[in-house]
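S.K.: I'd like to ask you about the structure that follows.
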Amino acid sequence: MFDLPFLDIPALRAVHGTVRLPGSKSISNRVLLLAALCEGRTVIHDLLDSDDTRVMLQALRQLGCVVELQGTSHVIEGLGSRPRQPQAELFLGNAGTAMRPLTAALAVLGGDYRLSGIPRMHERPIGDLVDALRTLGCRIDYLGQAGYPPLRIGAPDLSLDRPIPVRGDVSSQFLTALLLALPLAAGRPGARDIVIDVVGELISKPYIDITLQLLARFGVTVQRQGWQRFVIPSGSRYRSPGEIHVEADASSASYFIAAGALSEDAAGQNGLTIEGVGEASIQGDIRFVEAARQMGAQIESGPNWLRVRRGAWPLRAIDLDGNHIPDAAMTLAVMALYADGPSTLRNIASWRVKETDRIAAMANELRKLGAQVEEGADFIRIHPPAGAAAWRAASIHTYDDHRMAMCGSLAAFNPAGLPVRIEDPRCVGKTFPDYFETLFALAGAAGPVPVICIDGPTASGKGTLAAELARRLGFRFLDSGALYRLVGLAARQQGMAPDATNEAALASLARQLPVRFEAQTVWLADQDVTDAIRTEAAGMDASRVSALPAVRQALLALQRDFARLPGLVADGRDMGTVVFPDARLKVFLTADAAQRAERRYKQLISKGISANIDSLRADLEARDARDRDRAAAPLKAAPDALLLDNSLLSIAQSVEQVLSWWQARQPF
């Protein structure tokens, strides 16, 4: 997950390949709670791993539920009719799919519980659910503003002989919470049928369908009379299905359906395949497929898969009641930027009480991109930018809302070839922690991938600087010196001297170099060589190997292949002159030999390696001379490189300087 203040996404042209989506948030948290309320054990396969499911799992553990991870599956030992911990303080973040159902279940079961979340959760209404629970005898107190969390729950005095009214026009999660909780009371001796009456129009009906289908999987069949009355039969009791699989998330599928619809056709490519969910899904948001087809997307479907490609272009404008797909409809708002006229999404008042006020947030951010947007209490109308010239590069504020971040990324397909900045990209952790990594693995850039080159002599600090820049920007990192060190090490392991007498063999070795970089670890085939390539001897071998033209040519394609989305920071001695001559920013980093020798000396001593500072300086100066005088790509600054002497600068100061140069070249 990109744990950064912002992430810059270059302009994108196309997506292709296959994506396997994470499990549904809506299904995952419902299944977790149902498994916890059963007697016995339930094995859950393909559970979503996200912020929302983590807070639910933590809450269940605090209540005494035993949770084990077996491979990729979760095993839940159910609590049955009574939590093992009658007192707990539960922090539920911003997870409505945890706060609302747990409030209802614990209120019916009784105990001494405090439920809280982040500040935004304390702004999300829960009063209608609390009112419904109080009418049946539950004891719930507000610990802050009336109508909102945090809450304190006590022991109930249940009275279930009259229908329980609950408003349906604010959030379907209120009804879902009651449906999940009340079977706990229906199974008590002498209990009657329990009736829930929906007051007003029920929104987001497909989410209620999910709840009803999952209840049936756990042994409780609810009788539905239209969408106004729900009857839980007396004697209902939860029974574990033994095993259950969580469908892939249909809401998450919407971003990739949209990307496929926006993607330019590429020769030899057959669109984008989405695995884990098909049109037969129990999730209401799968009806996003119908809306995307209305806009012109070409979509095929099979058992648990979808295949998407561009159809009509520009997309066709739509006027749609989005009540049945409240989360996925947000994706349509961004697709509307690419339509042939204004699009309107209606009946979406629930957007205003989600993780943020999504109508206001979407209007604000789409305007930044060049759209004209009208908004009302329950609608949004988007007039797309009037041609490529009207698009603007924008920094998208995400409001700590995962869907704003994922929707915002789709603006990178704009016809003007402009990048888009996503602020606080880590917020996607709520439902899809590796969303951006998944997108980048499928997408092709509309132009060259952004590259920053850091060149300079040995021990100038370029590797440390480049690695920190890559971390701060979320870019990939290429330590080109490591490649030459790896060639030298591989040669030594094969009993070959890394010098000019073996140039052809060394070049052949370089072309087939089985190298992998994983976080801070460097692998040569299956061998961890992170420390082995950092010795002084390995450095000297690298200097000899890098002077050989055939080896440099052999490694050129491998080095250029590191330039992948969202960008690359490459350090070496010829990154800006030979490997990436068109890099967007080139920096030539240097420091005087005495400073570099002192840095290397301290580095070696800190690792317990004895060293002599005078010898180190002599070695550095000799290596500098060899690098400057070699025939193949001699060490020198590119003509358009910015010079940075860091003799008297800290790493932090050097990083800030280069970041400021980089930011000055961005359009935001």
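S.K.: Take the solvent-accessible surface of the protein heavy atoms, probe 1.4 Å, and return the percent of it on the range 214-280 that carbon and sulfur atoms account for. The partial results should precede the final answer.
M.R.: Working: 1080 of 2650 Å².
Carbon plus sulfur share of accessible area: 41 percent.
S.K.: Right, another one. Would you calculate a helix-derived [θ] at 222 nm for the chain, using -39,500 (n - 2.57) for each DSSP H run of n ≥ 4 and dividing by the full residue count, to the nearest 500? Provide the component values of the computation, followed by the final result.
M.R.: Values: 21 runs with 233 residues, N = 668.
Using -39500 (n - 2.57) per qualifying helix, the result is -10500 deg cm²/dmol.
S.K.: How large, in percent, is the carbon and sulfur part of the accessible surface of the range 1-159 at a probe radius of 1.4 Å?
M.R.: Numbers: 2690 of 5750 Å².
Of all accessible area on the range 1-159, carbon and sulfur atoms account for 47 percent.
S.K.: Counting only protein chains, not ligands or nucleic acids, how are ARG152, ARG596, ARG224 ordered by accessible area (probe 1.4 Å), most first? Working shown, then result.
M.R.: Details: ARG152 85, ARG596 10, ARG224 105 Å².
Final ranking, largest accessible area leading: ARG224, ARG152, ARG596.
S.K.: Based on DSSP, what percent of beta bridges with both residues in the chain are antiparallel, to the nearest 5? Write out the running numbers ahead of the final one.
M.R.: On the way: 52 of 93 bridges.
Counting only bridges with both partners in the chain, antiparallel ones make up about 55 percent.
S.K.: Let me ask another. Lysine pairs in the chain with Cα distance under 26 Å, only those 8 or more apart or on different chains: how many are there?
M.R.: 13
S.K.: Now a separate question. Return a whole-number percent for the relative contact order of the range 37-164, with Cα pairs under 8 Å and 6 or more residues apart as the contact set.
M.R.: Details: 242 pairs, mean separation 26.7, N = 128.
In percent, rounded to a whole number, it is 21.
S.K.: Let me ask another. Give me the percent of accessible area attributable to carbon and sulfur for the range 469-541, probe 1.4 angstrom.
M.R.: Numbers: 1750 of 3580 Å².
Result for the range 469-541: 49 percent of the exposed heavy-atom area is carbon or sulfur.
S.K.: Report the net charge of residues surrounding GLY200, where surrounding means a beta-carbon distance below 15 angstrom and charges are Lys +1, Arg +1, Asp -1, Glu -1. It would help to have the intermediate numbers written out before the result.
M.R.: Details: positive: ARG167, LYS205, ARG229; negative: ASP128, ASP131, ASP169, ASP197, GLU201, ASP378.
Here the charged neighbours net out to -3.
S.K.: Which value results for Rg/Rh of the range 340-443 when Rg is the Cα radius of gyration and Rh the Kirkwood radius based on the inverse mean 1/r? Numbers along the way, then the final one.
M.R.: Values: Rg = 13.8 Å, Rh = 14.3 Å.
So for the range 340-443, dividing Rg by the Kirkwood Rh gives 0.97.
S.K.: For GLU275, put the label point 7 Å out on the Cα→Cβ axis and report which residues of the range 296-321 keep their amide N under 16 Å from it.
M.R.: 302-308
S.K.: Something else: Taking the Cβ-Cβ separation of LEU642 and ASP582 as r and a Förster radius of 22 Å, what is the calculated FRET efficiency to the nearest 0.05? Walk me through the numbers on the way to the answer.
M.R.: Details: r = 16 Å, r/R0 = 0.72.
With a Förster radius of 22 Å, E is 0.90.
S.K.: Collect residues whose amide H, placed 1.01 Å from N in the peptide plane, falls under 5 Å from the amide H of LEU79; neighbours closer than 5 in sequence don't count.
M.R.: Those qualifying (amide H under 5 Å, at least 5 residues apart or on another chain) are LEU37, CYS38.
S.K.: In Å and whole numbers, how far do the C-alpha atoms of the range 507-608 stretch along each principal axis, longest first?
M.R.: Cα spread of the range 507-608 along its principal axes, largest to smallest: 36, 34, 30 Å.
S.K.: Hey, with R₀ at 56 Å, roughly what FRET efficiency would ARG152 and GLN603 work out to, going by the Cβ-Cβ distance, to 0.05? Working shown, then result.
M.R.: Details: r = 56 Å, r/R0 = 1.00.
The pair ARG152/GLN603 has a calculated efficiency of 0.50.
S.K.: Moving to a separate point now. Per residue of the range 415-424, what does 6.51 cos²θ - 1.76 cosθ + 1.60 with θ = phi - 60° give for ³J(HN,Hα)? Whole Hz please, x for Gly and Pro, Karplus curve as stated.
M.R.: Calculated HN-Hα couplings, in order: x, 7, x, 9, x, 10, 9, 10, 7, 6 Hz.
S.K.: Keeping all protein chains in place, calculate the accessible area per residue for the chain (probe 1.4 angstrom), answer in Å².
M.R.: 38
S.K.: Another question, then. Over its Cα atoms, what ratio of radius of gyration to 2.2 N^0.38 Å does the range 114-236 give? Could you put the intermediate results ahead of the total?
M.R.: Details: Rg = 14.4 Å, N = 123, 2.2 N^0.38 = 13.7 Å.
Rounded to two decimals, the normalised Rg is 1.05.
The values are calculated or read from the model by the stated rules, or taken from the named source; none is laboratory data. These numbers were taken from a predicted model, which means no experiment stands behind them. Note that we place each Cβ from the backbone using ideal geometry, even for glycine, and neighbour counts take in every protein chain shown. Please note that ligands, DNA and RNA were not included when accessible areas were found on the heavy atoms of the full protein model with its side chains. Shrake-Rupley method; radii C 1.70, N 1.55, O 1.52, S 1.80 Å.
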